[in-house]
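Inspection log for the structure reproduced underneath, given as structure tokens.
The values are calculated or read from the model by the stated rules, or taken from the named source; none is laboratory data. The shown structure was predicted, so the numbers you read here are calculated from the model rather than taken from an experiment. Neighbour counts run over all protein chains shown; Cβ positions are idealised from the backbone, glycine included. What goes into the accessible areas is simple: the full protein's heavy atoms, side chains included, and nothing from ligands, DNA or RNA. Shrake-Rupley method; radii C 1.70, N 1.55, O 1.52, S 1.80 Å.
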Amino acid sequence: RTMPLSRHTGQIPESTWTLGFREMTEPWKGAVGCLGVAIFFAMTIGIISWQALEQSPEEWVLRGRDAGMLWERGRGALLLRALPAGRPVLAIAVGSVPATEPPPPRDRCWHDGGQFCYSWEEDAELRLSLEPPAAPGTECYGVRWTPLRPDVILKDCFSMANVSWYGGPSILAQRWPLNAAESPVQPLVSGDLSTNPDGFGPVLERYFLGSTGVTVTVPPDVSLLLSLESHRQFCLETPAGRAEALHYQLCVNADVAAARRHMASTPAGLTRNSPSCRSPVWRYHGPDGSAAKIRRGLRSLVRRLKRHRLQEGIVALGERGTTVLAAADLVPSERRKRQAPALVEPLELSITLSPYTSVTSPLFLRSLRGGEAAGYWLSRQPRPRGSSIPLLTTWKGQLCARLNVTSEAALSWYLARAQHLQQALGATYVAFEGVEGNSFLEQDVPAPAKLAGDGYTEVLAAALATLGNGTIISAGTRSSHLPLFVQMRPLHSDWSHSGLKGLIPSVLHYSLLGYNFFIPDAVGGSVAGATPRDPELFVRWLQIVTFLPVMAFGTPPWLCCDTWVLNLTRQCIQRHRDFVVPLLLKYSEEWQSLGYPIFRPAWWLSPTDPIAFTIEDEFLIGDEVLVAPITEKGQTWRDIYLPGEGHLWLDTNTARVFDGGTTLRNYSASLVEVPVFVK
């Protein structure tokens, strides 16, 4: 029998279809059912095949005017591309959700064209948003992951493939870029590399800059862990078991130099001020057993400096020497007040303090008896109806308590004490060590909200800045706008990246983050405790610090080397005073007004040349002077990259002129020469 359905080509009335179906025999009904199931499976297989064969492995999830974000299926990654050409800018491997489950085409924020939202059930929620640009010519995206259960670890990894990365933390063996660095996952908090060499150093910011013109900025309120995987990726993640969100901002710019210039715009209500510091700095390493021995030692050092015609700059007294003198001068007589400035005349004196006090000190013992001083030290959070217990830590081998910077009374007392000692000892400068680190985090103790992360360093730096332009601190985070000199971390007395090779990467790192006014470690390095016995290392180190803000010496040149090195030291000090200082003053004005770094990498003038992205042994002072010293032992030649295509560079050693955007092969530089070019 023929089915009515097959004969009829027009619209089938419902009644006719129903009647015909009812009249079917059971076998026919079964055949129709099987046909329907077959058609359903065929369509399903077709859709799957189409998705697998025809659908792109990448899908746009949010597009702006100058860039856009895509989701890459398979590995589960967010891609950032510049428009209109689709230039790859950044790839972020997502570690918090199953990579095999890509977001669907539908957007849970579909009603808002400036956002994309998706939720992985029981794992995490992703929200991407277009954000107001920080500066003209830049486009920014907010990325926010929210965990949907406590045990989810949010982790985003930023690829180093075809991207050179700068910024973030300082490390023991500093690299430029940081692609070659390696670090286990740990809190992104400043620390003391002498006690934790695998940790992060005293200067860091939650800011990463990529050579493709992208920046990654993490707000200070995000609990953040960082890991560095050499030449692969760096990862940001949240602590386990705390169900905290991970959010950061991505900004896209035309190139890497434009990205850094846009970052430099001064926040509203913020002014930059330049500190002042004479040069060179001569560190005192003489007897420190008593106040009388220290005074004799200081006068002996000054006499020797005069004898060698080096009678200028600062004599720096360490924390132990300062403590001994302070004990003798806490209630200075009028005679001592008159004599104090004569300790190091005609040089100036720098003293050293820290926010730590020994548990055996009279001040700490008095505080245990109660009264106002009881709140002067960091304490563990007291239990209900319990009393606070000082949070004890170790500083220079002694058990100590640390200043409570959340107490106005404690800060006022500490600043007044520093000012009193400065006046009593006739010091022009005060250096503060031990500013870095989170004592609560080190002991796995809950911290007050104000002191989470690097809150301690930030609060103390702001307070110390009120002491004036002669203040030096050992750390920096969110404080680059303050008129403070930052003492660079100690370096090893060798040719490695923990020693001489790490000096220029550290200079570029500090300056990139806004810390242009720093005091480098002593010429020849200070870690290992031994007097440098390698004249070549001393000279190559000296040639670099000649072009930095301050020249610092731990071992005087007449003790380490021959007479010719002493003569070279005098020449370098004069060159620093006559040639470098005017340059620094000029570009410090540019830093104050525009926020540009004073010490700049080669890519500042060649922002699209891949060769410039990995140069770590040259630096620019502003836009007009290129310094290219030798950092390899026994070498008297090197290749020099001259940045800035279209510019001309004058060789100050030979008076020859070279084109920018080129590389000078096998440039000769004897032990007494440092290659310097002027644009």
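Could you give the dipole magnitude of the range 528-653 about its Cα centre, charging the beta-carbon of Lys and Arg +1 and that of Asp and Glu -1, in debye to the nearest 20?
Using Cβ point charges on Lys, Arg, Asp and Glu, the range 528-653 gives about 540 debye.
By how many nm would the segment from residue 75 to residue 359 grow when fully extended, if each residue of separation counts as 0.36 nm and the alpha-carbon distance is taken off?
My answer for the length gained is 96.8 nm.
Around residue 230, which amide H atoms from residues at least 5 apart in sequence, or from another chain, sit under 5 Å from its own amide H, with H modelled in the peptide plane?
Counting only residues 5 or more places away or on other chains, the set is 183.
Over all alpha-carbon pairs in the range 193-258, figure out the percentage whose distance exceeds 13 Å.
73 percent
Under a 1.4 Å probe, what is the accessible area of the range 58-264 per residue, stated in Å²?
Spelled out: the 1.4 Å probe surface of the range 58-264, per residue, equals 39 Å².
Please state the Cα pair-distance histogram of the range 126-223 with 5 angstrom bins from zero: what percent is in each bin?
Result, from short to long distances: 2, 10, 18, 22, 19, 15, 10, 4, 1 percent.
Cross-link candidates for residue 586: which aspartates and glutamates have Cα within less than 19 Å, leaving aside residues fewer than 8 places away along the same chain?
Residue 586 reaches 578, 623, 624.
Quick one: grab Rg to one decimal and Dmax as a whole number for the range 179-322, Cα atoms only, in Å.
22.7, 65
Positive end of the dipole of the range 58-264, charges at C-beta (+1 Lys, Arg; -1 Asp, Glu), about the Cα centre: which of 85, 64, 217 has its Cα farthest in that direction?
85
Please give the solvent-accessible surface of residue 359 in Å², to the nearest 10, using a probe radius of 1.4 Å with every protein chain present.
30 Å²
With a cut-off of 14 Å, note down the residues of the range 351-367 whose backbone N falls inside the zone around a label point 7 Å from the Cα of residue 327 toward its beta carbon.
Taking a point 7 Å out along Cα→Cβ of residue 327, the residues of the range 351-367 whose backbone N falls under 14 Å are 358-364.
How big is the charge dipole of the range 58-264 about its Cα centre, in debye rounded to the nearest 20, if each Lys and Arg gets +1 on its Cβ and each Asp and Glu gets -1 on its Cβ?
That gives a dipole near 500 debye.
Mind grabbing the accessible area of residue 633 for me, 1.4 Å probe, Å², rounded to tens?
120 Å²
Using only C-alpha atoms and all pairs of different ones, pull out the Kirkwood radius for the range 367-483 in Å with one decimal.
Evaluated over the range 367-483, this radius sits at 15.3 Å.
Given 25 °C and 0.890 mPa s, how large is the Stokes-Einstein diffusion coefficient of the range 58-264 in µm²/s, with Rh as the Kirkwood radius over Cα pairs?
141 µm²/s
Any idea what the relative contact order of the range 503-650 is, in percent, if you count C-alpha pairs under 8 Å spaced at least 6 apart?
For the range 503-650, the relative contact order is 24 percent.
Convex hull over the Cα atoms of the range 599-679, averaged projected area in nm²?
In nm², the orientation-averaged hull projection of the range 599-679 is 4.9.
When the chain is fully extended, how far beyond the present Cα-Cα distance does residue 585 get from residue 120, taking 0.36 nm per residue of separation?
161.9 nm is the gain from fully extending residue 585 to residue 120.
Rg/Rh for the range 528-655 to two decimals, with Rh computed the Kirkwood way over all alpha-carbon pairs.
That ratio equals 0.99.
Once R0 is set to 30 Å, what does the formula 1/(1 + (r/R0)^6) return for the Cβ-Cβ distance between residue 406 and residue 469, expressed as a FRET efficiency to the nearest 0.05?
It comes out at approximately 0.70.
Please compute the length gained on full extension between residue 655 and residue 303, using 0.36 nm multiplied by the number of residues separating them and subtracting their Cα-Cα distance.
Contour length minus Cα-Cα distance gives 122.8 nm.
What list of ³J(HN,Hα) values in whole Hz, one per residue of the range 305-320 in order, does the Karplus curve 6.51 cos²θ - 1.76 cosθ + 1.60 (θ = phi - 60°) give from phi, with Gly and Pro shown as x?
Residue by residue, the range 305-320 yields 4, 5, 4, 9, 6, 10, 7, 8, x, 10, 9, 9, 9, x, 5, 5 Hz.
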